[in-house]
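Single-structure report; data block below.
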Amino acid sequence: MATGAAAATTDTVPGIRITDVIAHPLTQTLPRPTITSWGAYSEVSIVLVEVRTDAGIAGVGETLARFSPKAYAELIETSLKPRLVGQDARNIGALWQSMRRALSGRAGGMLIEAIAGVDIALWDILGKVAGQPIYRLLGGVGRAEVPVYAASVNWGTDEFMDQELDRYLEKGFPRIKVKIANPVREACKRIERLRKRAGDGIELCVDANWAYTLEEAVEVGRALTDNDYFWFEEPLRPEDEQGYEELHRRCATPLAAGESNYSLDQAMRLLANRTLSFLQPDVARAGGISETRRMAEFAAAHDVAYAPHIGMSGIVCETASVHLAAAMPNLRAMECETDSSPFKTAITGAAPGADRQKNGLLPVPTGPGLGIEVDWDAVARLRSR
């Protein structure tokens with residue numbers, strides 16, 4: 001309903017035709033490695049997508065392209081751009097479907113991540129044309145700020161994880177995520193150790209990044225329940241839906257997942273049967289604002305909470321996630337990555353969320369569209385070589 005009202009307003013503005021789509025592959029070295037059960041990440045990439053129009057209004061989006069960013073850029077400029085140039089930028093739904101047909105096969109992978117960057121840019125344009133922030137076009141529920149949790153306490157030695165936890169406590173985060181991995185016995189010990197160190201007043205959750213088999217996850221789940229963690233994130237491979245259903249029956253700690261999903265159909269089963277208590281789509285992967293919104297609203301219809309994932313992404317992904325978080329009625333908390341990477345500090349004049357949050361609450365941008373302005377000189381300096 002809100003989107004329709006915005007479209008009615010923009011119909012009076014002539015000439016919102018797409019003239020160019022430019023993909024900017026970016027790579028950076030992280031200030032400190034992100035360490036998960038998969039290993040240590042010291043370098044990461046994204047693709048910024050710039051969509052220009054004949055009205056002089058441009059939008060920016062972000063594609064989750066952690067590796068091989070030039071391949072994503074080529075896909076955007078050779079397969080998606082020809083379907084977009086000359087089209088009305090306000091017809092986001094029609095453009096999404098056209099881009100989806102650029103490749104055959106089931107939805108997922110690089111195509112949907114590439115579409116995500118374009119889709120976010122189109123919503124940015126729509127907001128600028130309407131003179132409204134995106135969360136209002138989505139039918140906001142009146143939030144001026146959104147709850148966030150610190151991400152993350154990286155996997156490592158006891159002393160290392162203690163230091164990581166202390167850093168987030170000093171920043172005033174009331175919610176903190178912990179990375180866990182194998183061996184299971186060590187994970188269980190650290191789950192207990194960090195709970196004692198944080199105290200009962202801090203909400204803790206864990207992210208396993210698919211580290212476990214079902215039986216291992218059951219064992220870790222007992223430690224989480226005993227130590228009052230509020231969710232168990234991605235304990236199993238995302239394809240193992242039957243395993244998640246069995247774990248739900250055997251684990252009292254609520255399950256969270258969804259960052260690996262590309263579209264609503266990949267999330268439906270575990271939402272409809274309420275195996276998941278928290279859905280965590282990433283707007284830079286899950287088809288942008290349009291598809292992520294569908295996923296969050298489907299979750300709301302099944303009494304499942306929405307908890308946006310942003311991972312090692314940049315300020316554009318983070319900002320788009322804030323708009324979705326502000327608008328969705330079933331929001332629980334949004335991930336707040338605390339690394340001070342150039343993707344968050346140099347691309348725009350806006351400070352990253354970790355620096356703007358106070359006591360776990362992050363203000364919602366109020367400017368039109370995403371509400372941020374990109375420093376294209378900084379983008380050029382970060383361009384993948």
Note: among 349, 353, just one is modelled with pLDDT under 95 and touching a helix residue (DSSP H, G or I) at 6+ places or on another chain (Cβ under 9 Å), namely 353
Matching residues in the range 226-260 - criterion: being within 17 Å of the chain's Cα centre (by Cα) and of a type in the set (Asp, Glu): 233, 234, 259
Determine which member of the set 83, 100 is within 16 Å of residue 291 (Cβ to Cβ), of a type in the set (Lys, Arg) and either crowded, with 18+ Cβ neighbours inside 10 Å or assigned by TED's automatic domain parsing to the domain that holds residue 16 (or both). 100
Conditions: (1) in contact with a helix residue (DSSP H, G or I) (Cβ under 7 Å, 6 or more places away or on another chain); (2) surrounded by fewer than 23 Cβ atoms within 10 Å (Cβ to Cβ); (3) more than 27 Å from residue 172 (Cβ to Cβ); (4) of a type outside the set (D, E, K, R). Residue 227 meets all but one. Number of the miss? (3)
Just checking, which of 89, 116, 102, 71 is free of Cβ contacts under 8 Å to residues at least 60 places away in the same chain, in contact with a strand residue (DSSP E or B) (Cβ under 9 Å, 6 or more places away or on another chain) and among the small types (Gly, Ala, Ser)? 71
Residues of the range 300-323 classified as crowded, with 24+ Cβ neighbours inside 10 Å and either over 22 Å from residue 152 (Cα atoms) or not charged (D, E, K, R) (or both), total: 16
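Going by the structure shown, is residue 158 surrounded by fewer than 19 Cβ atoms within 10 Å (Cβ to Cβ), free of Cβ contacts under 8 Å to residues at least 60 places away in the same chain and within 27 Å of the chain's Cα centre (by Cα)?
For residue 158, the condition - surrounded by fewer than 19 Cβ atoms within 10 Å (Cβ to Cβ), free of Cβ contacts under 8 Å to residues at least 60 places away in the same chain and within 27 Å of the chain's Cα centre (by Cα) - is not met.
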Among helices (runs of 4 or more DSSP H) completely within the range 342-385, the ones holding 1 or more residues that are within 17 Å of residue 313 (Cα to Cα) and assigned by TED's automatic domain parsing to the domain that holds residue 144 are 342-345, 353-356
So which of 223, 217, 211, 187 is hydrophobic (A, V, I, L, M, F, W, C), farther than 11 Å from residue 150 by Cα and under 22 Å from the mean Cα position of the chain (by Cα)? 211
How many of the residues in the range 321-363 are closer than 21 Å to residue 277 by Cβ and free of Cβ contacts under 8 Å to residues at least 24 places away in the same chain? 0
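Listed here are the residues, each with its yes/no results for (1) in the same structural domain as residue 288 (by TED's automatic domain parsing); (2) in a helix (DSSP H, G or I); (3) at negative phi.
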| position | (1), (2), (3) |
| --- | --- |
| 23 | no, no, yes |
| 56 | no, no, no |
| 110 | no, yes, yes |
| 113 | no, yes, yes |
| 123 | no, yes, yes |
Output yes when any residue across the range 30-40 is assigned to a helix (DSSP H, G or I) and either touching a Gly at 6+ places or on another chain (Cβ under 7 Å) or surrounded by 19 or more Cβ atoms within 10 Å (Cβ to Cβ) (or both), and no when none is. no
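The values are calculated or read from the model by the stated rules, or taken from the named source; none is laboratory data. Every value quoted in this text rests on a predicted model; they were computed, and no experiment measured them. All Cβ positions, even for glycine, are placed from backbone atoms using ideal geometry, and neighbour counts span all protein chains on display.
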